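Report on one structure; see the data block that follows.
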Amino acid sequence: MASPRLVLVAPLLALFVVSAGALESAGGTTTNGTSADGASSLASSADGAAAGIGDGSLGSSGTQGVFTLDRYGGDALAALTLASRLVSAAPLLAWLFAPGALEAAGTTNGTSVDGAAAGTRARPLGSSVFALDRYGARGDGRHDDTQALARAWKAACASPRPAVVLVPGGRRYLLKLVTLHGPCRSGVTLAVKGTLVASPNRAHWSDRDRRLWIVFRSVSKLTINGGGTIDGNGNKWWPHSCKINKALPCKEAPTALSFHFCTNLRVEDLKIVNSQQIHVSVEDCTNVQLARLSITAPDTSPNTDGIHITRSKDVKVTDCKIKTGNIGSLGDDNSRAEVSGITIDTVQLYGTTNGARIKTYQGGSGYAKDITFQNMIMYSVKNPIIIDQNYCDKNNPCKEQRSAVEVSNVVFKNIRGTTITEDAIKLKCSKHVPCHGITLQNIDLKMQGGKGATESTCQNAKWRKSGTVIPQPCTAKNYEYEGLELSSI
């Protein structure tokens, strides 16, 4: 049984935190598991042995460590205050060190431990852990659990101490569109151990809100982790995309996880799969860490971009595996983009359409500058290195426009591997706003299986080379470019 662990955490902590004096000051002495007044000791260790420690390792023989008045100078209030804090912290500590304990203690066969039907009392476990099942969630993947998550979040957000919203493991919680608002009184962790799955019914989204699914807005000190899964149920949406069925009008589809105006955000150790469209979007956020995420969708899924980062500062993406159907672009619909200070480091790409890539629409404005792609290994990648300032994915050809997102100071460094096309390096820049300050350094890209030589094409690009670069930059004919070869940079 996992639940006795919760009972034991506080007294065990007391044993380690305070010296084992004597139980006399607290009203009796425990000997051989029986109190001095004859009442049986109720505390038992997890394996059923008496809780009293009698080997002398933590105190005098036959006594259990307690909060003695002598230790606190006779101040009973101080002793009681510390004891109450440890007891209050026990459930949260139990979750941190033995998360299965709280999950097992939450419900059993649809009934809560205290005998009330699950969901009839929205009572948090302890003071800081808020399990979805306590707020009416079914977790069967069929019934709508959106309001249960919203209620658990509201209670956690109002908690004066750090709170955990727990999505128990081994269960699937069906969600419609849900926005979880801050600011919260303290930091909140959403521990996803089970699965959050999107409703398969597209009618649950209106045209007004069809770009969103799970949204976090204006939350500080938010952590999302737990090793569980966010499942967008995208296979219910993809056949209705104009990129799959050209006869259909082009409409947006939801982003699985959206973060708006969040600070000190950590998203880590999650599997995010089959989003309706974009998997993760970070907008107007500061101090963000995305780590150890697995983001996957079929390569035929339309516009299932891995991670979008927009108008945000101090964002780190590390140790992530992304295998999806598309990536993002800049300047769409004559929009302004401001992207700078980006480093993509230590990446391996297997069989992707594109490798190190920057793409912008004509008609946009702003800039993409001070960007570094380095230490990359590519296996059978179709377009290993590409800058495209004339990108267009519309049903009709895009007309030529004079404005463009300016691309400058981009470094491609220490990139090697194989490609399935001859054109391994493509710099296709705008004739009205040419890209400049492009550096190619220590590049070695060869045809998969040694089938011929690779080449490079350049258009309206100002570049420079350092070290050995294969293929030689801008070797294809009939392209306009300016180049400079340097021995070192």
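The values are calculated or read from the model by the stated rules, or taken from the named source; none is laboratory data. All values reported here derive from a predicted model rather than from experimental measurement. Here the Cβ positions follow ideal geometry from the backbone for every residue, glycine too, while neighbour counts run over all protein chains shown. To get the accessible areas, we keep the full protein, side chains included, count just its heavy atoms, and leave off ligands, DNA and RNA. Shrake-Rupley method; radii C 1.70, N 1.55, O 1.52, S 1.80 Å.
Counting residues that are surrounded by fewer than 18 Cβ atoms within 10 Å (Cβ to Cβ), which strands (runs of 3 or more DSSP E) fully inside the range 401-449 reach at least 3?
In the range 401-449, 406-419, 435-447 are the strands (runs of 3 or more DSSP E) which contain 3 or more residues that are surrounded by fewer than 18 Cβ atoms within 10 Å (Cβ to Cβ).
In the range 254-271, which residues are part of a loop (DSSP other than H, G, I, E, B) and open to solvent by less than 10 Å² (accessible area, probe 1.4 Å)?
The answer is Pro254, Cys262.
Restricting attention to the range 143-169, and to residues there that are farther than 29 Å from Ala253 by Cβ and surrounded by fewer than 16 Cβ atoms within 10 Å (Cβ to Cβ), which single residue is farthest from the chain's Cα centre (by Cα)?
Pro160
Please state which one of Thr418, Thr439 is in contact (Cβ under 8 Å) with a residue 24 or more places away in the chain, among the polar types (S, T, N, Q) and in contact with a helix residue (DSSP H, G or I) (Cβ under 8 Å, 6 or more places away or on another chain).
Only one candidate qualifies: Thr418.
Need pairs with beta-carbon distance below 8 Å; first residue among the aromatic types (Phe, Trp, Tyr) and within the range 171-187, second part of a strand (DSSP E or B); sequence gap 6+ or separate chains.
Tyr173/Gly141; Tyr173/Val167; Tyr173/Thr195; Tyr173/Leu196; Tyr173/Val197
Which number in (1) touching a strand residue (DSSP E or B) at 6+ places or on another chain (Cβ under 8 Å); (2) open to solvent by 40 Å² or more (accessible area, probe 1.4 Å) marks the one condition that Pro298 misses?
So the condition that Pro298 fails would be (1).
Is it true that some residue in the range 211-224 is among the polar types (S, T, N, Q) and either under 22 Å from Ala297 (Cα atoms) or in contact with a helix residue (DSSP H, G or I) (Cβ under 6 Å, 6 or more places away or on another chain) (or both)?
no
Considering every residue within the range 313-320, establish whether at least one is open to solvent by 70 Å² or more (accessible area, probe 1.4 Å), part of a strand (DSSP E or B) and closer than 17 Å to Val219 by Cα.
yes
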